């Protein structure tokens, strides 16, 4: 599958956004996963753009993904929030689901915070827990690099991981760490698949994030990944999994999530664009 977007399409989208977004543009962007779009409600909005207005931007068709780009401030810190994403299971290509990442890179975004709703594989994780992502497993058999060479390093920034650890500790927010397993979806995984993934070392499983993280890292951005465990993965609990369960659990986690994300963004906003987080 093609991971490269036609340069002309990216240029048209970026040109449109430059005409709409008031400068200066933030150095940090946050992608709000399933059920987590409420964080955008905490933002003092400067601009809000419907994705359907942006040339070539693939719209999301999933409940919980609003499909908007929000430019604004939180606690005085500037940020761009991507409210909703698209997935391969919606009939999209890799280049389409990473389209927004290419745009953000061209807009000068330095830090990309990827959030998602995920199923908990680690038996110690419960719905409502956050997991700091340290690496990923590709359970799709779809290559995420432009050539046949496998990626040898995690796309998630060690510096940003350390920053999130520090902020969570200061605010007494439980933030275990683990590996994210990327699957195609849209169906939830079978019991056998979860057992296999668990043996491979994954803590959480979901249907997004990995492609965006890989592309963002390739484009020079520092990437932070955080999963909200919204349900036990298949076989971990006897309760059937539903998308409604994902939404309900996300709603219950608003306070801790908002504190964690707000303080991460404030810290990143203070960092000079020319320097990495160490």
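The values are calculated or read from the model by the stated rules, or taken from the named source; none is laboratory data. Keep in mind the model is a prediction, meaning the values are calculated, not measured. A quick note on method: Cβ atoms are made from the backbone with ideal geometry, for glycine too, and the neighbour counts reach across all protein chains shown.
State yes or no: is residue 159 closer than 30 Å to residue 27 by Cβ and either modelled with pLDDT under 90 or over 16 Å from the mean Cα position of the chain (by Cα) (or both)? It is true that residue 159 is closer than 30 Å to residue 27 by Cβ and either modelled with pLDDT under 90 or over 16 Å from the mean Cα position of the chain (by Cα) (or both). Contact map, segment 213-240: residues that are surrounded by fewer than 17 Cβ atoms within 10 Å (Cβ to Cβ) paired with residues that are part of a helix (DSSP H, G or I) and at pLDDT 90 or above, Cβ distance under 6 Å, separation 6+ or inter-chain. Pairs shown: 219/105. Suppose the filter is at pLDDT 95 or above, touching a helix residue (DSSP H, G or I) at 6+ places or on another chain (Cβ under 9 Å) and on the phi < 0 side of the Ramachandran plot; does residue 144 pass it? So residue 144 does not fit the description; no. Annotation note: Cβ proximity below 9 Å between a residue of segment 16-27 that is at positive phi and touching a residue at least 24 places away in the same chain (Cβ under 8 Å) and a residue that is assigned to a helix (DSSP H, G or I) and surrounded by 10 or more Cβ atoms within 10 Å (Cβ to Cβ) (sequence gap 6+ or interchain) occurs for no pair.
Could we say that residue 203 is touching a residue at least 12 places away in the same chain (Cβ under 8 Å), crowded, with 24+ Cβ neighbours inside 10 Å and not in a strand (DSSP E or B) here? Against the criterion (touching a residue at least 12 places away in the same chain (Cβ under 8 Å), crowded, with 24+ Cβ neighbours inside 10 Å and not in a strand (DSSP E or B)), residue 203 does not qualify. Restricted to segment 1-46, and to residues there that are in a helix (DSSP H, G or I), in contact with a strand residue (DSSP E or B) (Cβ under 9 Å, 6 or more places away or on another chain) and at pLDDT 85 or above, the residue that is nearest to residue 106 (Cα to Cα) is 17. Per this entry, residue 209 is counted among residues that are on the phi > 0 side of the Ramachandran plot, buried (at least 22 other Cβ atoms within 10 Å of the Cβ) and touching a residue at least 24 places away in the same chain (Cβ under 8 Å). All of (1) more than 14 Å from the chain's Cα centre (by Cα); (2) part of a loop (DSSP other than H, G, I, E, B) hold for residue 208 with one exception: (1).
Residues that are crowded, with 19+ Cβ neighbours inside 10 Å and part of a strand (DSSP E or B) within segment 122-144 comprise 130, 131, 132, 133, 136, listed in sequence order.
Looking at the structure I just gave you, is residue 179 surrounded by 15 or more Cβ atoms within 10 Å (Cβ to Cβ), out of contact with any strand residue (DSSP E or B) (no Cβ under 6 Å at 6 or more places or on another chain) and either at pLDDT below 90 or not in a helix (DSSP H, G or I) (or both)? No, not satisfied.
Give 230, 249 a once-over and let me know the one that is part of a helix (DSSP H, G or I), touching a strand residue (DSSP E or B) at 6+ places or on another chain (Cβ under 6 Å) and either modelled with pLDDT under 85 or under 30 Å from residue 26 (Cα atoms) (or both). Step by step, each of 230, 249 is checked, and only 249 is part of a helix (DSSP H, G or I), touching a strand residue (DSSP E or B) at 6+ places or on another chain (Cβ under 6 Å) and either modelled with pLDDT under 85 or under 30 Å from residue 26 (Cα atoms) (or both).
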